[in-house]
1. Less than 12 Å Cβ to Cβ from B:Gly256, Lys/Arg counted +1 and Asp/Glu -1: what total charge do the surrounding residues give?
2. Using Cα-Cα distances under 8 Å and only pairs 6 or more residues apart, what relative contact order does chain A have, in percent?
3. To check you understand DSSP bridge types, tell me what percent of the beta bridges within the protein assembly as shown (both residues inside) are antiparallel, rounded to 5.
4. At q = 0.10 Å⁻¹, what base-10 log of I(q)/I(0) does the Debye formula yield for the protein assembly as shown when every alpha carbon is treated as an equal point scatterer in vacuo?
5. Using only Cα atoms and rounding to the nearest 10 degrees, what angle (0 to 90) does helix A:270-284 make with the longest principal axis of chain A?
6. With respect to the cross-link table entries A:Lys22/A:Lys349; A:Lys171/A:Lys230; A:Lys215/B:Lys34, which display a Cα-Cα separation exceeding 21 Å?
7. Add -39500 (n - 2.57) for each DSSP H run of 4 or more in chain A, then divide by its residues: what number comes out at 222 nm, to the nearest 500 deg cm²/dmol?
8. Looking at segment B:1-147 from every direction and averaging, what is the projected area of its Cα convex hull in nm²?
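Nothing in this text is a laboratory measurement; each read-out follows from the coordinates by a stated rule. The model shown is predicted, which means the values in this text are computed figures rather than measured ones. All Cβ positions, even for glycine, are placed from backbone atoms using ideal geometry, and neighbour counts span all protein chains on display.
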Amino acid sequence: MLLRHTPNEVAERKALTINPAKTCQPVGAMYAALGVHGCLPHSHGSQGCCAYHRSMLTRHYKEPVSAGTSSFTEGASVFGGQANLVQALDNMFTVYEPEVVAVHTTCLSETIGDDLPQITDKATKDGKVPEGKHVIYANTPSYVGTHVTGFSNMVKGMVKLAESTGVKNGKVNVIPGWVEPADMEEIKRLSALVGVDITMFPDTSGVLNGPLSGKYSMFPEGGTTVKELKSTGDAIGTLALGEWCSADAARLLDTQHKVPCKVLDMPFGLKATDRFVDALRIIAGVNVPEEVSRERGQLVDMISDMHQYFYHKKVALAGDPDQVIALTEFLVSIDMCPVHIVTGTQSKKVKARLEELTADVPFKVNIAAKGDMFLLHQWIKNEPVDLIIGNTYAKYIARDEDIPLVRFGFPIIDRVGHQYFPTVGYKGGLRLLEIILGRLLDRTDRDAPEESFELVY
Amino acid sequence: MATAKKKLVKWEPTDIKEEMLKKYPPKVARKRAKQIMINEALENETPEITANVRTIPGIITMRGCTYAGCKGVILGPTRDIVNITHGPIGCGFYSWLTRRNQTDASGEGDENYMPYCFSTDMEDKDIIFGGEKKLAAAIQEAYDLFHPKAIAIFATCPVGLIGDDIHAVAKQMKEKFGDCNVFGFSCEGYKGVSQSAGHHIANNQIFKHVVGENDEEKPGEYRINLLGEYNIGGDGFEIDRILKLCGITNIATFSGNSTYDQFASAHKADLNCVMCHRSINYVADMLETKFGIPWIKVNFIGAESTAKSLRKIGTYFGDKSFIEKIEAVIAAEMPEIEAVVADVRTRTEGKTAMMFVGGSRAHHYQDLFSEMGMKTLSAGYEFAHRDDYEGRHVIPNLKVDADSRNIEEITVEADDTRYAPRKTEAELAALEEGGLKFKEYEGLIPDMDKGSLIIDDCNQYEAEKLVEILKPDIFCAGIKEKYSIQKLGVPMKQLHSYDSGGPYAGFKGAINFYKEIDRLTNSKVWSYMKAPWQESPELSATYVWE
């Protein structure tokens, strides 16, 4: 037993987090920044943060992740990090020639109170930011929120580049939230199919799923360009996918440039995708083409074909709020029963939403926001499930309790595919079902006695 | 690419160095020039290499921080200590199982906390009002849940800034429990200039709070400690297998596959064998001063090096039957290795490597490559000090700068009751006379070819330049570097956490490594960089259907 010390009995813990279902803000800020074309993320703090975030993102995406660090030592921690950041900006623009540097803070620079706008102003005045280049920034103290908050804050930082000319450009902004490069690509495909011209930001497709060609470019082809970011102020509207990842940036765009916004769930599963497509249709005043309805129908078809394997199966779920909410809705919609749901984010709103979504589940449902994977494991010990959906770290629980695992969310550092195969939209829904079904039927095959080992499912 | 090939012949080390420095702002270039050394060449601006100095802000470094060196590297591989990170969630999260330290906790009643990540998950209110109360409560909760032998606390950046006294909390909780050792590490990420500071802090505290706690006699005729071996990918398992075959008792490995009790009993060994000089050489010194245990430098990376290290241990203890047993083990293991080398060498002979890895790995692994007939063109350490490059004789001349001064040095004296010299002065002198060197490490420089480039704290930009210019057949560094190098069409092997492979230490490990390097350098995939239409884009024929 790998997690042999986890007792069945759940005792309340007030101070000790064990096996967290979240991590800290800066890694989210770094991921978001990579979704801007020509952008070099920069971590303002000591070296370890940057090294850890780059390592984690690299392990998850199996792609190069470059980022600078202010390399604080004790001196900078006492006297402030201005000198380090100004020097870092100078070095980065000279050596790596990015279009944009996206600075985010760490708990160190936040605690000493470094003022990013002031420092970047100074760097600009001192000529350390070349003409036509940009510095965007986000405050991402690690002791507030989670990696999701960090993502959201850096996307808000991008909105600072938005400009409005007073003339609408007919485009719709889509903020996809922390999803995979493949998901971002799928959102673009689906929007194009519906016939809506979108500006999506951030967009890590092309950046974190690059080809192997014998050439290395720190700044690959993909990503939302500065020009596109500037134009977001002239859009006819913004669709923010996910309250926790995307809504703040959309609202800021509304306040600053009067771009109306609508906050939707991340389009995982049938219903959330329906609402996304419908919103696109309404905002852009187009008819949804038959092709999209056909894709939808295929998903409904698979749900009906395979329903016997989903009906009333118990699931334990851990992940980020936007993802967990959409997944819970999807699971409930196919008559599966999420019975233990954990997210690392402290939020009554998340909890209330999850309670609402699972109100009709015919089993007792445990929900924690915030909770950790130690608690999730304890719940599973007391009420076993048929399936676990969570990130790589859930594999320890899955092995100890002998329960099939579907890897979903961040980080996935022991499998590939998430970079390339979307789980958003109707196509993504098909893929999610395929994976869930595969795991469940593999288990059936493994456990079946010889006399009832079936060829046909 | 005819031009590139022509260039390869023409590039002189000085040109390469110049090319690497060209793009830097002048101040940065001046600093980096002192950290890039052309081995044994007179063109070097300084006679020695500059090392263990601050990383330049904004230069994309391979380094991590002090916390990573302390909690991640040194205490990470210890299975029965509850390691609580006191800080926001990130630091604990990222150091949770990510170094592939393996441990064997299969014995009955064995404790294993390695798959757990414990954190006080500090929030803004803890930063504002102080986190000591939360820390004390977290320690209490951990104690109530697990009743471990020991609880260790690791300070992260904000903890040092707000002034939480983790040591006072630890002391208070230790006294309260009575049956659980609680101690803390002031390993805030901003201390020092690299992970190295964290190793130092970790080792000092383990030495202060744990080593020597258990005076029970340990069985075994030839008792050693293995210092600086972290059981990445199972290296320590293979070394232990070999030691056991030879009849050597390993009292404690610092700290791969280790337990609290092993640290506590380390003073019962008769010889200390140092693998990674960088991370732990001072512990060997302290063990000698306090308990009288001499130390030698060993290297279990490479079959020849493994054999050599075993023979050193044999010479130290000096018993004829023991030495014969060691020779028998070597003789039994070697044929399989020779067979694999003979096969692999047909495909690896003459190939080239580069490696930029942590402490001693950039040195040790060159032995494995040379066993395969491969040459190391360039190497360097991520967090070494000058003695790792130039040898221990430079230690007295090392300047103590502001960053090093922040790292606690502990002074050790001979233990009143337990100091017992394992060999007399005369015996030690005789052994030295016979060629066994105590307290000696000559460093990386003497082992590298003339004209090779030795680079301290190599960064992403320089690594790319080196690969573009010298086109090595393999590049070794860490996960952050892996994919940018591979995009250039050069296979990259991680030597921190070994990708998915290992063990690479000892005899069986050497075989694994030869096969792995054969796979990497001879994989067909590196020939697929260009599609047929990119290889010859000219349209020269007219097709019949036109």
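1. Around B:Gly256, the surrounding residues sum to -2.
2. Once normalised by length, the contact order is 17 percent.
3. The antiparallel fraction comes to roughly 10 percent.
4. Scattering profile of the protein assembly as shown, log10 relative to I(0): -1.28.
5. 40
6. A:Lys215/B:Lys34
7. Helix contribution divided over all residues of chain A: -14000 deg cm²/dmol.
8. Its average projected convex-hull area is 15.7 nm².
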